[in-house]
1. Sort S216, S98 by Cβ crowding within 10 Å, fewest neighbours at the top.
2. How far is it, in nm, from the label point at K226 to the one at E200 when both lie 7 Å from their Cα along the line to the Cβ?
3. Kindly identify segment 112-288 as rounded, prolate or oblate by the Cα gyration tensor criterion: order the square roots of the eigenvalues as a ≥ b ≥ c, call it rounded if a/c is under 1.5, otherwise compare a/b with b/c, prolate if a/b is larger, else oblate.
4. What list of whole percents do you get for P(r) of the chain, with Cα-Cα distances grouped in 10 Å bins up to the one holding the largest distance?
5. Just grab the label-to-label distance for F114 and S181, each label 7 Å out from Cα along the Cβ direction, in nm (one decimal).
6. Kindly identify segment 141-182 as rounded, prolate or oblate by the Cα gyration tensor criterion: order the square roots of the eigenvalues as a ≥ b ≥ c, call it rounded if a/c is under 1.5, otherwise compare a/b with b/c, prolate if a/b is larger, else oblate.
7. What distance in nm lies between label points placed 7 Å from Cα along the C-beta direction at K26 and A90?
8. Would you please state the base-10 log of I(q)/I(0) at q = 0.16, 0.20, 0.26 1/Å for segment 10-101, with intensities from the Debye formula using one equal scatterer on every alpha carbon?
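Throughout, read-outs are computed from the coordinates displayed, never taken from laboratory work. Keep in mind it's a predicted model, so treat the numbers as computed, not measured. Cβ coordinates were reconstructed from backbone atoms using ideal geometry, including for glycine residues, and neighbour counts include every protein chain displayed.
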Amino acid sequence: MAATEDSDTVGRDPRFELADAESAQKNWAAAMAILRNIAETANSEFVERRASRRLAEAARRSGDLELAKSVLRQHFTTYPADTRARSELAKLVEAIESAERQPQNRYWEHRSEFVYLYVAKKISQAIASNANVVADVGSNGTPILEWFPEVPLRYSVDLNKPYRAENIRSIKDDFLNWAPSRKVNVLTCFQVMEHLAQPELFALKMLSLADVCIVSVPYKWRPGLKYHLQDPVDEEKMLAWFGREPNYTYLAREIVAQARLIQVYDRRETAQWGSISAEQFRFRWSLRGSESVLGESERT
């Protein structure tokens, strides 16, 4: 009977047992160092291949998904027909997808009760009540677009983590390079501009793409917060970025946290609004539901 890859007849390297012991204690760095050494000094293809697979597994289990990805890429370059490695690849894909979901879920759960999101939702739903196309920019995997279930076309645009769900067009791209096939009626951009090196370019792109832009930023937060490049942000800084006054401004103060500034920019007019209601936008873009009365051909 032919020897299997993991059988003693292949010449099992005793260092695998050392790696197993380290893995059992979750000493992943030590386990991976042993496995890497085995792969580099293996005296047979079988041992090298097994060590490479096990290194990818240890990296995945340690949470270093980028290392696991790198190891498997190299593994399949050398051993493209390794069926055992396909099982590890499937586990890695699942781990990556789970990792992409979980941070956004925690992010969203932490913020879902915030005052600013409640206000932003009310404003956005009023404005987009009959919109045909809505885009959320810098989504970071958050379900903002679920606020608009009746909108026929919804885009989530993010450089790294667009929101993914049924009936959502997820665009993983730099917003400054994005060219939608349809005119955007309403664009939302929440807690994004403070992270940008050139927010004025982002602002001008938003104004050029959409009929109405709804934007939120941290309001007068102290400088030095990790990943925030533009703090403190206030009305004067927003004016410099957008080159015009907003139509509507709402300062949302959290009960036990900092405030956020929400501003609305209507491309059609510059007049200041004292309030926002769905009636303002009821007939702006469509008469959704009118096909049941007029028929599709008459309506269009």
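1. Details: S216 23, S98 10.
Going from least to most buried by this count: S98, S216.
2. Here the modelled spin labels are 3.1 nm apart.
3. Cα axes put segment 112-288 in the rounded bin.
4. Distribution as computed: 6, 22, 24, 15, 14, 12, 6, 2, 0 percent.
5. With each label point 7 Å from Cα toward Cβ, the separation is 3.4 nm.
6. oblate
7. 2.6 nm
8. Each listed q corresponds, in turn, to -0.60, -0.92, -1.38.
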